[in-house]
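Notes follow the structure.
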Amino acid sequence: MTPHPLLTVEEIPATEPYLRTVGEVFRVFREQDSGCVSYGVQLPDGERWFVKEATTAPAQASLDRAWTFHRAVRHPAIVPQLHRIAVADSGRTAVVMPWRHGESLYGPARARFRALPLASVLRAVDRVLDAHLAVEAAGMVAVDLYDGAFLYDFGADVLHLIDLDEYRPGPFVLQEDRLPGSARFMAPEEWHHGARIDIRTTVYALGRTARLLLDAGTASAPGGVRRVNWPYWKGRPVPIPPNGSRAYGSSRMRGALPPDLVVLRLFRRRQPRRRSNRRRCPMPRVDVRRDRMDGRLAGEP
């Protein structure tokens, strides 16, 4: 059997020249904040692959972290890292992933996505949620989840999760001043040295994700169903009280809600809320009292 040029090779002298010898490099992503350079390469048999190479020490640390994450978590929505290749005399590696068609929802494609039928949008949200149940089951927490991680294939009507390089085992105590990520998605504790990062941090990011994907502004969705129009939080960090409890406005949520319950509650509240005099909360409210009556809160006696 002929060795696969990407999945069996262990070391190469340089990434881009090697890729051009084994196939056609049809896309190059050079200017990335991550410090990586990525390539789309098509092999002679028509297979398409995505190869991501670290070019800096921080980028290599991120790729190493991602490699650990992908060994622990597998889900159909998460584009996996299947193999990594050492780049000779550099101390760097390149990882190989299957190529996925789609458009990043961090950009103009977001408006196109929001114009889809509500059923398609809800399927995409459910897919994100289900993937993060697998993340939680593996003992991982979400870090740096934002709309750039959502790749939507409009032809196949399916959403893929990419670039989850900062996900890591949890819970853990934040040793830096802040975690990497978009301020629009970051939980309050991600801004504070010494804060505990756990499943509640993941739940917060999922709430922001649901808001981003479901919100169609004041327009009505196809079929006459109006989407959610939640109050917009501008991403400013919210101070954590000295006792370490969460600062979620007047919400009574203090424990970790299962992510599926969070999104279920959001789906039930699709109609716009009335304006009130209460301080706006950065995350859609959850009726904790009703959930307690139903006995569905995690950890409730």
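The values are calculated or read from the model by the stated rules, or taken from the named source; none is laboratory data. Since the model is a prediction, treat every value here as computed from it, not as a measurement. No Cβ is skipped: glycine too gets one built from the backbone with ideal geometry, and neighbour counts run over all protein chains shown.
Figures for the structure shown
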| quantity | calculated |
| --- | --- |
| Residue tally, condition more than 29 Å from the chain's Cα centre (by Cα) and not in a loop (DSSP other than H, G, I, E, B), over the stretch 1-38 | 8 |
| Selected residue (only one of LEU145, LEU206, LEU151 is within 14 Å of VAL73 (Cβ to Cβ) and buried (at least 20 other Cβ atoms within 10 Å of the Cβ)) | LEU145 |
| Enumeration of residues in the stretch 175-189 that are over 15 Å from the mean Cα position of the chain (by Cα) and either buried (at least 19 other Cβ atoms within 10 Å of the Cβ) or within 13 Å of TYR146 (Cα to Cα) (or both) | PRO188, GLU189 |
| Those residues of the stretch 112-129 which are more than 15 Å from ARG208 (Cβ to Cβ) and under 12 Å from the mean Cα position of the chain (by Cα), in sequence order | ARG127 |
| Of the criteria (1) part of a strand (DSSP E or B); (2) in contact (Cβ under 8 Å) with a residue 24 or more places away in the chain; (3) out of contact with any Gly (no Cβ under 6 Å at 6 or more places or on another chain), which one VAL41 fails | (3) |
| Any hit, the stretch 168-176, residues being without any contact (Cβ under 8 Å) to a residue 40 or more places away in the chain and acidic (Asp, Glu) | yes |
| Qualifying residue in the stretch 59-66 (condition: farther than 26 Å from GLY23 by Cβ and touching a residue at least 60 places away in the same chain (Cβ under 8 Å)) | yes |
| Evaluation of ALA111 against (1) touching a His at 6+ places or on another chain (Cβ under 8 Å); (2) assigned by TED's automatic domain parsing to the domain that holds LEU129 (one fails), failing number | (1) |
| Cross-chain or 6+ apart pairs with Cβ under 6 Å, the stretch 4-16 first and under 17 Å from LEU82 (Cα atoms), then in a loop (DSSP other than H, G, I, E, B) | GLU11/ALA88 |
| Residue in the stretch 145-155 that is farther than 17 Å from SER34 by Cβ, at pLDDT 95 or above and among the charged types (D, E, K, R) present | yes |
| Any chance ILE85 is at pLDDT 95 or above, over 25 Å from VAL135 (Cβ atoms) and either assigned by TED's automatic domain parsing to the domain that holds PHE154 or touching a strand residue (DSSP E or B) at 6+ places or on another chain (Cβ under 8 Å) (or both) | yes |
